[in-house]
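Take a look at the structure below.
Throughout, read-outs are computed from the coordinates displayed, never taken from laboratory work. Keep in mind it's a predicted model, so treat the numbers as computed, not measured. Here Cβ is always computed from backbone atoms with ideal geometry, including for glycine, and neighbour counts include all displayed protein chains.
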Amino acid sequence: MQEHHLFEYAVVRVVPYVEREEFLNAGVVLFCAKQKFLKAVFELDKKRISAFCARLDLNDLNEYIHSFERICEGSKNGGPIAQLPQVERFRWLTATRSTILQTSKVHPGLCTDASEMLMRLYSQLVQIKPS
């Protein structure tokens with residue numbers, strides 16, 4: 001029997017106008033200490049985002065997302081936050097902020113494979129399925 005590990009995740013949202021509190025789910029970030037796993041996956045549906053907010057600079061948004069990914073990876077070019085231990089990086093990424101890229105509250109769960117769970121959550125919470 002495979003061992004279940006505690007994980008935490010948050011949905012990453014695009015919030016073009018913070019004051020309106022409207023958002024589109026754009027990704028998921030997942031942390032599992034036992035598996036030494038911290039990763040985020042994103043999907044930017046440019047047509048959908050442009051319909052939601054035509055004035056949004058997609059190049060800036062893309063850069064914010066790449067920064068988010070570099071911090072998850074602990075990349076040397078991810079700045080000082082990327083050099084912190086995984087748990088601290090996850091807490092920093094999921095802290096409440098008033099920016100164009102925000103996260104939901106953090107949710108816990110149990111999994112046997114963090115990577116598989118990340119993709120399952122991404123499929124359920126972000127990907128648009130044709131009807």
**Estimated inter-spin distance, D45 and E63, nm [label 7 Å along Cα→Cβ]** = 2.7
**Request:** Bin width 5 Å, alpha-carbon pairs only: give the P(r) of the stretch 82-131 as whole percents, running from 0 to the bin holding the largest distance.
**Result:** 4, 15, 17, 24, 24, 11, 4, 1, 0
**Asked** Once Rg/Rh (Cα atoms, Kirkwood Rh) is worked out from the coordinates, which option in (i) 1.07; (ii) 0.95; (iii) 0.98 does it equal?
**Response** (iii)
**Item:** Cα-based Lys proximity count in the stretch 1-99, under 30 Å, for pairs eight or more positions apart or on separate chains
**Value:** 5
**Item:** Mean Cα-pair separation over length for the chain, i.e. relative contact order, pairs under 8 Å, 6 or more apart, %
**Value:** 35
